[in-house]
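The values are calculated or read from the model by the stated rules, or taken from the named source; none is laboratory data. Quantities reported herein were computed from a predicted structural model and do not represent experimental measurements. Methodologically, a virtual Cβ is constructed for each residue, glycine included, from the backbone with ideal geometry; neighbour enumeration extends over all protein chains shown.
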Amino acid sequence: METQSAATKTGTYVYCVLPGSAKKASFHTLPIGANGAKRKPRLVRDGDLAALVSDVPLTQYDPSRANLAAHEGLVDEALERGDVLPMRFGTVAGNDGEVIRFLRDNHGALMRFFDTVKGKAELNLKVLWDRNRLFSEILAEEPNIKGLLGTAGAASKEANDDKIELGRAAFEAMERKRGAEAERILDQLRALAANVATNRLLADDMILNASFLVDRSKIPTFDEKVKALSEAEKDRLIIKYVGPLPPYSFVNLVIPDQPQ
């Protein structure tokens, strides 16, 4: 929960780092903590770096739907205008001076990050499998599992042992197939990406959750590859594809020792 004990104090919420050449611009997304349009996003500059910030009550911010929409919406708008280094959600500095100190103290690392993401955006691909189709394929590929199915239904000690073995064998077969399917899909796409990050699987039926850092000029080609993959696999896989996104999976910035 957002605490209001420090409500009389104001901090500086940091959304992302931008090149120092970034121009002042209007944003459609209201910033975190805004009541009406009083608290507008603005830039804090230091040499060849800048940060997109807004004034907020000095407190901790929950990742509520509204707060996440504000954070992500502003970073998305910044991405439409050029390269961005997104900050971790909830990054609040005590004041603009702390933001400038962060930019100055981390100048070298931030510039290297910009070299990495220059002209690129993140594309995210989540792939899930159809359970019924999956099980049919495993039975066809794993004769031992089909044999265990035939004996595990009987009422005997041997049948009970077979049930245990069936569960173990089925789990191992699913994991092998999950890994093979994920690698097969990655092999079709990774050549178009400057970098690939494999993320935590969010469901039992998910086989791949990957983010691709792709040059903007190659995004249409990547889109077509994913479209062709979705069409080819439509009877067995569910493919969810979003982007372009800020490079959250490849940049993880936070200002240390934030005020509590």
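Among the residues of the range 115-132, the ones that are among the small types (Gly, Ala, Ser) and crowded, with 18+ Cβ neighbours inside 10 Å come to 1 in all.
Tell me, please, whether a residue that is surrounded by 14 or more Cβ atoms within 10 Å (Cβ to Cβ), modelled with pLDDT of 70 or more and in the same structural domain as Arg216 (by TED's automatic domain parsing) can be found in the range 95-112. Within the range 95-112, none of the residues are surrounded by 14 or more Cβ atoms within 10 Å (Cβ to Cβ), modelled with pLDDT of 70 or more and in the same structural domain as Arg216 (by TED's automatic domain parsing).
So Ala210 ticks every box in (1) buried (at least 17 other Cβ atoms within 10 Å of the Cβ); (2) modelled with pLDDT under 95; (3) of a type in the set (Gly, Ala, Ser) but one. Which box is left unticked? With (1) buried (at least 17 other Cβ atoms within 10 Å of the Cβ); (2) modelled with pLDDT under 95; (3) of a type in the set (Gly, Ala, Ser) applied to Ala210, the lone miss is (2). Only strands (runs of 3 or more DSSP E) whose full extent lies in the range 195-257 are considered here, and none of them has at least 1 residues that are among the charged types (D, E, K, R) and touching a Ser or Thr at 6+ places or on another chain (Cβ under 9 Å).
Output the residues belonging to the range 208-234 that are farther than 26 Å from Glu175 by Cβ and of a type in the set (Gly, Ala, Ser). Matches in the range 208-234: Ser217, Ala228. Please specify each residue of the range 173-188 satisfying the condition of being of a type in the set (Asp, Glu) and under 26 Å from Thr221 (Cβ atoms). If the condition is that a residue be of a type in the set (Asp, Glu) and under 26 Å from Thr221 (Cβ atoms), then Glu181, Glu183, Asp187 are the ones that fit. Taking the criterion of being buried (at least 17 other Cβ atoms within 10 Å of the Cβ), outside any helix (DSSP H, G or I) and in contact with a helix residue (DSSP H, G or I) (Cβ under 6 Å, 6 or more places away or on another chain), would at least one residue in the range 169-191 satisfy it? Checked against the condition, which is being buried (at least 17 other Cβ atoms within 10 Å of the Cβ), outside any helix (DSSP H, G or I) and in contact with a helix residue (DSSP H, G or I) (Cβ under 6 Å, 6 or more places away or on another chain), the range 169-191 yields no hits at all.
Annotation: of all residues in the range 43-90 being exposed (fewer than 15 other Cβ atoms within 10 Å of the Cβ) and in a loop (DSSP other than H, G, I, E, B), the one that is nearest to the chain's Cα centre (by Cα) is Arg88.
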